[in-house]
Ligand SMILES: [Zn+2]
């Protein structure tokens, strides 16, 4: 079980395998399900509770075939009726009434009553020993100990007892280091706990909210072992986008119409009452009321130090903004933001937030989010983020935490906040920083952020690894579709095309990043980091760069691929090119994939199979649309195009197989499967596998992530004498490129460790004795015994053993 | 075919020369380059640190126990053993060239069977076996060293061209133990620095030969 799905590139969702295998052999096009009249849909909606009950009983009936006991049950969330009259319901898996973390099924109830289920995302054979020992308040204490809040908590943490699959246990986390332009080990986000021995344990999911001038806005979530209090996994729930990076006068879109509200005194507010019928839950929790999509600006409470937000309200003319924006007002001499204060000095906000230029970013955000809401409503009949009409909001001129000054502006970033059920937008650092952004409120970015919310309330894609890449790519794509919808007048039920051949329309943040763009969907590698296609080792990339696979796939699906190898839209994986289906068709196939066929842990293969399934349902098996979906995935090196022979594959062997310490203790599980740990100053042998060709030769290359420290070179036979330096954070990338097909390559990662713990200038097994002596001592007197760089723990033995055995294995 | 006959001739010429130089026993007259079929090991004398033959040894796989002096308490031991290139070090069920005999308490007091332990082994260039087995939890008592503390193995490898009568030199080139007193976590750093040091030992080896 622990090995399932995300690390296996060849895995297919069992329930979808039939569609995938059978489709190419069909000669005649089968008929897709017809659209039903609106009146019939209304009737079916009214029957959702009955449909859920039916789907649930089908799932309950299949428990024994799924290897689940009588204690297993299912809890529906986010059900909806699609245009063909199918009721789609996502189900949390329950064990003895508690959610099994990360495990979901999807059930389909057809208009005619037939029920089908997708169960590949469930955990099988779930059994948890004993009862939770910790109380909820002890679990909160354990989480807060790790969180180390500097200011007051904004809200009581939310706690839920869950059955936690141990294979999701976190450990080493990686992050993108913009200075090194590489992935490095993230010590701050790593959890140094060992995975429990049992496959499932009781644990508490603890969600925290901090929003004050010492911590900024943070939403850390934790899994706390209910037996030991150990942190088994932690993650930042905010889905930010830093790594890449009335009438209103907007900055990005000129004069726009805004949906606003008029108060009893005749003044106006940036509050779209037609978008959102249910109150925003966070504003309600703070004692306020927000109905309808609303735009706020950030402030700091000078008495309590808490960060908050205030409405753009009390406006007398309802004409907002002046079409100009300004960068975050920052005092570079004193290293502080420049604030305006309320008349009594109790509140401070970024200087200029309420001036006409300060309103401009609010106009862009309000218009962008309003259009995104209308896009989902009109094109997909989706009632907002959760399809239930819950009101959302955007905060502009957002404030974050700075070590120096307490509150600081959110800069080249925007993010979706699950706790707020809302979004935040930074002011950008341009032109103070030449590669920075202008206000982070461009249409495709507002569409991107709200789409993170849509994903959370549909497929629920876990925000790391392959599923994180799908989550990001999905947001980029729908951000672009919102932009196309707006460009076409923001009305109607279809998505228009961009001007033919204008690739800048497929650049994320084309206008807000004067030095280029955040991402290039037509050729993601133009940013120097993103992937143009799948390769072995891509899961080590930050999700904003591995998303390049889905970005380019959906670009091809919509716009086609060139057969001219000099064209930016050419793919070596589909040299003949392909014709695109256009925005509207591509978006319908993908929306159906997201909302009906993806489970939280989906990978690229699952996404391919699911999107083929969607094309079949919309346009029929064997349809040109289905073929286009297969071609678009083939063009990003996922699966083969119809009639294409098997591809050459280059891959690094699995060093840390499922169940091994370094597999089960990594975030995401499997990310270290192929990471090799070697000692410094030692000649080691690198291996890789090449299949589907007789010429198995590869060309090696070795990148040096740390400036000034050269890693040497790998000989043609794969031997490599490792350098004499070590810096534990660095993951050294090794690329093996097939000589038979140079478009096929694999990227391995290496961690170098210094094993000479007793500093006698010899690396041997005796060194481990010095490490063992220091186990559990917070401050070891001999610094060289710290193999992993932290105080000596079990990790040091694992790293020592791995490095030693990788270098000196018995032949 | 031609190459093969040349090789036979060459062997035929060399054979008398080898015999002429050798003052060896009568058995070598019939099979002077007879491939070895078994390994034998004679234990070293003395009661100090030594490698002695374990009863589980077979005719082609010699298992050696590391035994120390009775009454000396230690928390772990590591050593480097150099062998002739024709000697092949074997592995155990754990996949390593060192086997735990259960004397040292490798798990912490928590005794989670899945927790990582300080047990490591490999073969370095020059056919140097490098192995170590250590207690990590200082709350575990030091152990009397007069019992087999760990095992290693030497195997007959037909591909190495070992011949009957070959003597395989073994020598321990480095060996250290973790002593009983390694200070306490509550000691000051200076005291800990002085006490957290491994102690040199000398390990005697016996005589290994092929037949
Ligand atoms: Zn994002």
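Do we find a residue being assigned to a loop (DSSP other than H, G, I, E, B), modelled with pLDDT of 95 or more, more than 8 Å from chain A (Cβ to nearest Cβ) and farther than 26 Å from residue B:187 by Cβ anywhere in segment B:72-89? Scanning segment B:72-89 turns up no residue that is assigned to a loop (DSSP other than H, G, I, E, B), modelled with pLDDT of 95 or more, more than 8 Å from chain A (Cβ to nearest Cβ) and farther than 26 Å from residue B:187 by Cβ. Do we find that residue B:152 is more than 10 Å from chain A (Cβ to nearest Cβ) and modelled with pLDDT of 90 or more in this structure? Judged against the criteria, residue B:152 is a match. Confirm whether residue A:420 is at pLDDT 90 or above, closer than 27 Å to residue A:491 by Cβ and away from the ligand (no atom under 13 Å from the Cβ). Here the answer is no, as residue A:420 does not meet what is asked. The residues of segment A:423-460 that are away from the ligand (no atom under 14 Å from the Cβ) and closer than 26 Å to residue A:206 by Cα, listed by number, are A:457, A:458, A:459, A:460. Applying the criterion of at least 2 residues that are in contact with a strand residue (DSSP E or B) (Cβ under 7 Å, 6 or more places away or on another chain) and either on the phi > 0 side of the Ramachandran plot or buried (at least 23 other Cβ atoms within 10 Å of the Cβ) (or both) to the strands (runs of 3 or more DSSP E) found wholly in segment A:63-139 leaves A:72-81, A:87-95, A:98-109.
Pairs are defined by a Cβ separation below 6 Å, a sequence spacing of at least 6 or placement on different chains, a first member in segment A:465-477 that is over 18 Å from residue A:375 (Cβ atoms) and assigned by TED's automatic domain parsing to the domain that holds residue A:544, and a second member that is in a helix (DSSP H, G or I) and within 11 Å of the ligand (Cβ to nearest atom); the pairs so defined are A:468/A:543; A:469/A:543; A:471/A:455; A:472/A:543; A:472/A:544. Counting only residues that are more than 21 Å from residue B:104 (Cα to Cα) and facing chain B (nearest Cβ under 7 Å), which one in segment A:769-781 is farthest from the chain's Cα centre (by Cα)? Top of the filtered list is A:781. All conditions in (1) facing chain B (nearest Cβ under 9 Å); (2) crowded, with 16+ Cβ neighbours inside 10 Å hold for residue A:760, with the sole exception of (2). The single condition among (1) closer than 29 Å to residue A:327 by Cα; (2) within 14 Å of the ligand (Cβ to nearest atom) that residue A:469 does not satisfy is (1). Only one entry in A:541, A:581 is more than 14 Å from chain B (Cβ to nearest Cβ), farther than 28 Å from residue A:90 by Cα and within 16 Å of the ligand (Cβ to nearest atom), namely A:541. For segment A:539-570, the tally of residues that are closer than 22 Å to residue A:603 by Cα and out of contact with any helix residue (DSSP H, G or I) (no Cβ under 7 Å at 6 or more places or on another chain) stands at 4.
Looking at segment A:511-521, can you tell me whether even one residue there is under 30 Å from residue A:168 (Cβ atoms), modelled with pLDDT of 95 or more, surrounded by 22 or more Cβ atoms within 10 Å (Cβ to Cβ) and within 15 Å of the ligand (Cβ to nearest atom)? No. Please state which one of A:345, A:308, A:384 is modelled with pLDDT of 85 or more and outside any strand (DSSP E or B). None of the others qualify; the one that does is A:384. Would you confirm whether any residue within segment A:16-23 is modelled with pLDDT under 90, assigned to a loop (DSSP other than H, G, I, E, B) and surrounded by fewer than 18 Cβ atoms within 10 Å (Cβ to Cβ)? The answer is no, given that none of the residues of segment A:16-23 is modelled with pLDDT under 90, assigned to a loop (DSSP other than H, G, I, E, B) and surrounded by fewer than 18 Cβ atoms within 10 Å (Cβ to Cβ). Residue check: is residue B:113 surrounded by fewer than 18 Cβ atoms within 10 Å (Cβ to Cβ), over 23 Å from the mean Cα position of the chain (by Cα), more than 9 Å from chain A (Cβ to nearest Cβ) and outside any strand (DSSP E or B)? It is false that residue B:113 is surrounded by fewer than 18 Cβ atoms within 10 Å (Cβ to Cβ), over 23 Å from the mean Cα position of the chain (by Cα), more than 9 Å from chain A (Cβ to nearest Cβ) and outside any strand (DSSP E or B). A search for C-beta distances below 8 Å between a residue of segment A:792-810 that is more than 7 Å from chain B (Cβ to nearest Cβ) and any residue that is in a helix (DSSP H, G or I), counting only pairs 6+ apart in sequence or on different chains, returns A:792/A:771; A:792/A:785; A:796/A:771; A:796/A:785; A:802/A:662. Residue A:275 fulfils the conditions (1) closer than 30 Å to residue A:381 by Cβ; (2) part of a loop (DSSP other than H, G, I, E, B); (3) over 29 Å from the mean Cα position of the chain (by Cα) except for a single criterion, (3). For segment A:600-624, filtering for residues that are under 19 Å from residue A:539 (Cβ atoms) and surrounded by fewer than 21 Cβ atoms within 10 Å (Cβ to Cβ) leaves 1.
Regarding segment B:167-183, can at least one residue be identified that is more than 10 Å from chain A (Cβ to nearest Cβ), surrounded by fewer than 18 Cβ atoms within 10 Å (Cβ to Cβ) and in contact with a helix residue (DSSP H, G or I) (Cβ under 8 Å, 6 or more places away or on another chain)? The answer is yes; a qualifying residue exists.
The values are calculated or read from the model by the stated rules, or taken from the named source; none is laboratory data. All values reported here derive from a predicted model rather than from experimental measurement. Using ideal geometry, Cβ is built from the backbone for each residue, glycine included, and neighbour counts are taken over all protein chains shown.
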